[in-house]
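Structure record follows, encoded as structure tokens.
The values are calculated or read from the model by the stated rules, or taken from the named source; none is laboratory data. As the structure is a computational prediction, the values presented were derived from the model and not from experiment. Please note: Cβ atoms are built from the backbone with ideal geometry, for glycine as well, and neighbour counts cover all protein chains shown. Surface areas here come from the heavy atoms of the whole protein model, side chains and all, with no ligands, DNA or RNA. Shrake-Rupley method; radii C 1.70, N 1.55, O 1.52, S 1.80 Å.
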Amino acid sequence: METILVTGGAGFIGSHVCVELVEAGFRVVVIDNFVNSTPEALDRIASITGERVHFMEVDMTDSGSLDEVFLTYSIDAVIHLAGLKAVGDSVINPLRYYLNNLSSLLHLCECMQKYHVHRLVFSSSATVYGPPQHVPIKETHPVQTENPYGRTKHMSEQILRDFQRSYFPMKIVILRYFNPIGAHPSGLIGENPTGVPNNIMPYMTEVAIGKLPVLQVFGNDYPTRDGTCIRDYVHITDLAKGHVKGIEAIDSMEPSVAVYNLGTGEGTTVKELLHTFEHVTETKIPFTITDRRPGDVAVSYADVRAAERELGWKATKGIEDMCRDAWRWQHRNPAGYVKN
Ligand SMILES: NC(=O)c1ccc[n+]([C@@H]2O[C@H](COP(=O)([O-])OP(=O)(O)OC[C@H]3O[C@@H](n4cnc5c(N)ncnc54)[C@H](O)[C@@H]3O)[C@@H](O)[C@H]2O)c1
């Protein structure tokens, strides 16, 4: 049985990745410092899978603690998700983002080299593409980052390329996520934002449950079919399965760095998402149209053919599943991860 280290495994994406890994027969070791998550997520993973993941509380900016992880466990491969991710906050606190996201990655690379662990899946973001020059966006699209968070992802990708060039056995898969939403169908794990959510789905579910009064739709004068932005939403369990495919594909890969988009390849407007949510959950979402948000692009969706061809991965769930599952999670856990 192979052992996979999942950094940031208590987070939104990490918890879903852990479930898929356990169900695919891997032994999972999670590290997290809970800067944006809670230990309860790990209990919920156990409730879903019937197995506890191994866990060490580690801040990856502390290289000594990370070293301990590699001394304690014999790691076969790493999925690196730990990071800070709020775009707006990264503009206000850029140094915190550079320090956290880059030093975590550098320490991880050092450990991987020291302990001869040669397989890495890294979570990057479609934000690295900046304003699209064409859609669907291929992995070869030029990169242009517009905020400190995005730049940490772009810089991380560059660091990984340089690392691989200098340390030949490394096999690295970079996954650029589009817009992961939804929750595990059990309703036991999901997105658990603190404060006012930055992303549309948790915002919408919090309005639906009465935590927030009204959904703000940022702009309705974009050149799209109904004037609202078009995004490529992908179900979180599909996205999580993409990581399992990534780990499996690395085995037969030549030492190199490969980049894959994870999305559905289809664009949905904000209003379409809103109406689908209202329809499948039989709720009413009050909304107001406000000004465009600086930095938002009109249309963004992925070309997903490379992941399909080379990883054997394709999203299977649609917008309705994403809305239904996000609502189930919110409805059953109105206060997020508190012990039942
Ligand atoms: N959610 C998205 O829409 C999205 C899109 C593109 C890329 N990503 C990337 O995917 C990854 C996971 O995102 P998420 O949505 O699950 O976020 P999240 O905040 O829910 O999860 C990140 C986890 O990393 C942990 N963490 C952060 N810094 C750490 C450190 N120094 N040491 C140990 N643990 C640390 C946090 O406590 C959290 O549990 C991030 O790297 C994020 O940038 C997310």
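Some observations on this one:
- Computed on segment 208-314, with alpha-carbon pairs under 8 angstrom and 6+ residues apart, the relative contact order is 44 percent.
- Accessible-area composition of the chain, carbon plus sulfur, in percent [1.4 Å probe]: 51 percent
- In the chain, the inverse of the mean reciprocal separation of distinct Cα atoms equals 20.3 Å; this is its Kirkwood hydrodynamic radius.
- Amide hydrogen proximity for Ile137: with H placed 1.01 Å from N in the peptide plane, the residues at 5 or more positions away or on another chain lying under 5 Å are Tyr301, Ala302, Asp303.
- Helix-only CD estimate at 222 nm, as mean residue ellipticity for the chain, using -39500 (n - 2.57) per DSSP H run (n ≥ 4): -11000 deg cm²/dmol
- The alpha carbons of segment 248-299 give a radius of gyration and a Dmax of 18.7, 52 Å, in that order.
- Eigenvalues of the alpha-carbon gyration tensor of segment 1-141, scaled by 5 and square-rooted, set the equivalent ellipsoid semi-axes at 25, 18, 17 angstrom, largest first.
- 3J(HN,Hα) along segment 166-178: 8, 10, 4, x, 5, 10, 10, 10, 9, 9, 9, 7, 8 Hz, from the Karplus curve 6.51 cos²θ - 1.76 cosθ + 1.60 with θ = phi - 60°, whole Hz, x for Gly and Pro.
- The peptide list 67-73, 229-235, 332-338, put in order of mean Cβ contacts within 10 Å with the highest first, becomes 229-235, 67-73, 332-338.
- Per residue, the solvent-accessible area of the chain (1.4 Å probe, heavy atoms of protein chains only, all protein chains present) comes to 42 Å².
- Over 31 Å apart at the Cα level, from the set Lys153/Lys317; Lys138/Lys171; Lys211/Lys245; Lys245/Lys284; Lys138/Lys211; Lys114/Lys138, are Lys211/Lys245; Lys245/Lys284; Lys138/Lys211; Lys114/Lys138.
- Restriction of the GluC sites (Glu not before Pro) in segment 219-288 to DSSP coil positions whose beta-carbon has at most 13 other beta-carbons within 10 angstrom yields Glu282.
- Accessible surface of Phe55 - all protein chains present, 1.4 Å probe, nearest 10 Å²: 70 Å²
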